[in-house]
């Protein structure tokens, strides 16, 4: 597998350099929404979809800005694109799948300030991926995010049933568990770049 | 006069400890975990965030009567993104080495929830002086938290502090501390420590007050 083949980019973003556990992007939803398996998996899917849309938009915008020689506007444009992509997803979901729209609730607008999305757009620009590679990268990052969220929610559902010392209830213990999970994902390090 | 002075000091001080954005409110965790693998990175990130926080809070506070309610979030984001672009270019000029070490995380200050949170919750409702004080308090609190993490991680993971060797040549560094899992572990340990301290002080107050009540 060469370094820029589509399958390698997908695996790299999904497992080897998992967005949540290795590059620390999207920690807020990771800690906030991973309490229950159902919300975690839905949130993962919503993020994956927004990632795909905003990654494709970001690619086009970057090409446009480069042609105009206005790279300094990149950050402002990206964040505007992501905000509108989230709005778009919200409207489409409301129209075609009201049930899913209600289930996602407040998580949907909050995706705008999820740093995994902006991080994805910035990283793909730094790495200079072409359009298809961007799509593979976005899909990989999205499934990696979903994977981390789902594993974490499974662990936390189990933890909730156990008796832990009073001081460890809450964020402290969650972070320790996340650390061990991150340690497990470190096992993949070195496979890619 | 003195009450007014106390009040403004309180606005500043609450961000440092009682409402510390990282340790108490658990906001802005991504940069905290990602760039706290050495003290110098933590300091640069903290100062960059402090600058963006203070400037955007000031501007939001000055424009709070001009910005229409419906588009306020989008306006705040554009204001924040403008200041982040300034920091991005400035840091590149000041120290390329630190800039490369921080990577995309300087640009990711845009989506740091602390900044948007303060703009929405405080700066949009208060005058510029209070907004600056609040932003300064939050920014210093954020930098303090970053240094707490960065210090421990650099000390254990590299055996040094600010690049100066501390433990001598026979120290075997805990490499895991500067790798991603270390960030989770150290932040988790700090939170556990604070929870334990809080529980102890609460128990003491109960013990002290107990006989009077009984």
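The values are calculated or read from the model by the stated rules, or taken from the named source; none is laboratory data. Quantities reported herein were computed from a predicted structural model and do not represent experimental measurements. Glycine gets a Cβ as well: all are built from the backbone with ideal geometry, and neighbour counts include every protein chain shown.
From the list A:166, A:154, the one residue that fits, being within 13 Å of chain B (Cβ to nearest Cβ) and either surrounded by fewer than 20 Cβ atoms within 10 Å (Cβ to Cβ) or more than 18 Å from the chain's Cα centre (by Cα) (or both), is A:166. Just one of the listed residues (A:167, A:76, A:151) is touching a residue at least 12 places away in the same chain (Cβ under 8 Å), part of a helix (DSSP H, G or I) and out of contact with any strand residue (DSSP E or B) (no Cβ under 6 Å at 6 or more places or on another chain), and it is A:151.
Checking A:48, A:43 one by one, the residue that is modelled with pLDDT of 85 or more and either under 11 Å from the mean Cα position of the chain (by Cα) or more than 14 Å from chain B (Cβ to nearest Cβ) (or both) is A:48 and no other. Residue count for segment A:24-34, restricted to those that are surrounded by 23 or more Cβ atoms within 10 Å (Cβ to Cβ) and in a loop (DSSP other than H, G, I, E, B): 4.
Report yes if some residue within segment B:31-54 is under 15 Å from the mean Cα position of the chain (by Cα), more than 14 Å from every other protein chain (Cβ to nearest Cβ), surrounded by 24 or more Cβ atoms within 10 Å (Cβ to Cβ) and under 30 Å from residue A:84 (Cβ atoms); otherwise report no. Yes, segment B:31-54 contains a residue that is under 15 Å from the mean Cα position of the chain (by Cα), more than 14 Å from every other protein chain (Cβ to nearest Cβ), surrounded by 24 or more Cβ atoms within 10 Å (Cβ to Cβ) and under 30 Å from residue A:84 (Cβ atoms). Please determine whether any residue of segment B:205-214 is assigned to a helix (DSSP H, G or I), at pLDDT 80 or above and closer than 21 Å to residue B:18 by Cα. Within segment B:205-214 (the criterion being assigned to a helix (DSSP H, G or I), at pLDDT 80 or above and closer than 21 Å to residue B:18 by Cα), the answer is yes, since at least one residue qualifies.
Assuming residue A:89 fulfils every condition listed in (1) surrounded by 16 or more Cβ atoms within 10 Å (Cβ to Cβ); (2) part of a helix (DSSP H, G or I); (3) more than 12 Å from every other protein chain (Cβ to nearest Cβ); (4) in contact (Cβ under 8 Å) with a residue 60 or more places away in the chain apart from one, which condition is it? All conditions pass for residue A:89, except number (4). Applying the condition of being touching a residue at least 40 places away in the same chain (Cβ under 8 Å) and farther than 21 Å from residue A:81 by Cα to segment B:68-98 and asking which residue is surrounded by the fewest Cβ atoms within 10 Å (Cβ to Cβ) yields B:95.
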